[in-house]
Structures are given as C-alpha cells and as structure tokens.
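Engineer: Please find one structure pasted underneath; my questions will follow.
Derivation of every value follows stated rules applied to the coordinates shown; laboratory data play no part. Everything quoted here is computed from the prediction, not taken from an experiment. Cβ placement follows ideal geometry from the backbone for every residue including glycine, while neighbour counts extend to all protein chains displayed.
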Amino acid sequence: MSTERRGKRGTLLMRPERFSMTLTAVLAILAVTTFVAGQAAAQESVLYSFLGGGDGGYPRAGLIFDQAGNLYGTSLGGGIIANCCGTVFELTPNVGGVWTEKVLHNFTNGDDGGYPYAGLIFDAAGNLYGTTSEGGANKLGTVFELTPKTGGVWTEKVLHSFAGGKDGTDPAAGLIFDAAGNLYGTTAEGGEYRYGTAFELTPAAGGRWTEKILHNFGKDKDGNQPVAGLISDAAGNLYGTNIEGGAYGLGTVFELTPNVGGGWTEKVVHSFNGQGWRRSRRMPYLRCRRKSLRDDEQYSVRVDS
C-alpha cells in the first residue's frame, strides 16, 4: 500500500559509548537557491519534513529526479510496518511550491530487506534499484528492484540476498550500471577476509540475477570496509574508497581493472597517511549501531582510536 503524508519534524538522539553527544535535528528534504552576483545570501525551501511514522524518517542518502521532475529517495527508518525498517519514497511538485510525498515501498526487514542506507538509480525503463543493509533471505542485506505498475503501484523484487561468508554482508552503498545492464556495488563487511567486497550482478534468463565477487578486501594492505559505492570510467574500470586499511591503516582509493579472460585486478591508487595531524593517534572512526528505530531512535557510537 502506498501512503501520502505531509510531516513536520523528526528527532535523532545519539548516545556515544565513549563520549557524550546529543543531536536534535529536523530531517527534511530541502532546496537551496543561491542568488546571482552581489548577493551572498542563500534561500532554503523545505520541500518535505518527515513525521517518522508511516511516511518514513531519517533519510540518509541523496535523491534522484525522473524526467517529469519528481524526486525519489530512501529513508532509513519509519514506514507502516510497526514504524520500522525504512521506505522508498517519491516527492511530486504541485502548484504553489508544495510537494506531496508518496511511499512506494515499506520495508519489513523480512525477505524484502530493511534499513536502506543508500540512494537509488533508474534503468532506461524507469525501474528503481537500490540496496538494504539488513533483511533478505539471510538477514544480511539485499539488492532490490522496484517496478511501476498501472494505478501508481510499485512492486518490489529482491535480486540478491547476501548470504555472508565469501558473499559479503551489509551493503551500505548504492549501485551503478554498465552499458550491458550489469549492476556493480560494494558490501562493507563479509567476503573472504571479512572486510568487505566489490561485486557484480548479471541478469540471467527467467528474471534471475547472478552475483560474482570481483574483489575481497582485507589482504595485503589493499584496504578495509568499502562503505561507499563505485564509479566507472570509459574503459570499464571501477573506482572506490575504503575507510580503513592501506599502507597506513587510514583508508585507500582503489581501482579495479577487468582482466582478459575474466577476473579483476585491484590496484591501490592512494593510501591516506594522515599527514598534517598527530601521527601518534589514529583518526577516530565512528561506527553507528542501531538499537531501535522508533520515534525516539537511539544510536551508540564507537570511536576506534
């Protein structure tokens, strides 16, 4: 079922384990207009404020437009299933500058997935694709497709449920297509060395998709935990980042190159060394662990130092 709402505000409460920090914020979709020369001011227009219930809440990712000017995105929390597990939504502009929200899918954290951290992409036919960090057949995350049907209804299909182990877990980033219609992405954890993977999904007969692991992170200082997505160049090489690992343990920029006859080769393009700050201390790395996704959501934050 789709829902349409106009909300006001939401509250995010963060409770770190090693230090105290409280954040209260209005979570909203906004537009910023910058004026021309001579005026430094910018004007913000809030397009939609989430209520945190059936309309979703805590949007973490960016947005995309369709050709008609509608906006599409994901929310990490909210939804009609016990106020849980996140949504995919559409915002449609109306006369007078008002935007109307419509929830296209409510995640249940069951086989359909749950808690989408990343944004969406379109294919040429107007279908939406994304990832969820949890849920699926193995409760370890999914790649999904949303297809528009007559009457404004959208149907979700899980293209891949991550199984853990060498398959990877916790996809936190979005996806990209190549010219042949294959999907590429990353998992933040799992894989052969447990520090994440880069993967490819290839469409097969009967609507099935086949997953192939292109690289397992965590070996020989190649980087750990790719929480961001990939980009490609004209030659078909893939590029991305890791938040840890590399020559100095502070993260990497990497390139993946397809080999003749199959397989991919990873090359570390840059290892961050922390130059310009005290080398005796590692840059704090925040990990957020979800405790609950209700109206007053609590996060615990661990600082590795």
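Engineer: Which value does Rg/Rh take for the range 177-253 over its C-alpha atoms, Rh per Kirkwood?
Structural biologist: Dividing the radius of gyration by the Kirkwood radius yields 1.02.
Engineer: Considering amide H positions built from the backbone, and no H for Pro or chain starts, which residues 5 or more places from G110, or on another chain, come under 5 Å of its amide H?
Structural biologist: G136
Engineer: In whole angstrom, and with the biggest value first, how far do the Cα coordinates of the range 48-116 range along each principal axis?
Structural biologist: Principal extents (Cα only, largest first): 37, 22, 17 Å.
Engineer: Within 10 Å, count the other beta carbons around each residue, average over each peptide in 265-271, 76-82, and list them highest first.
Structural biologist: Final packing ranking: 76-82, 265-271.
Engineer: For T147 and V98 in the same chain, what is the full-extension length gain: residue separation times 0.36 nm, less their Cα-Cα distance, in nm?
Structural biologist: 15.0 nm
Engineer: Given the Cα-Cα distance of A124 and V260 and 0.36 nm per residue of separation, how much length would full extension add, in nm?
Structural biologist: The span from A124 to V260 would gain 46.1 nm if fully extended.
Engineer: For the range 82-107 and the range 131-177, what is the separation of their C-alpha centers, rounded to whole Å?
Structural biologist: Cα centroid of the range 82-107 versus Cα centroid of the range 131-177: 19 Å apart.
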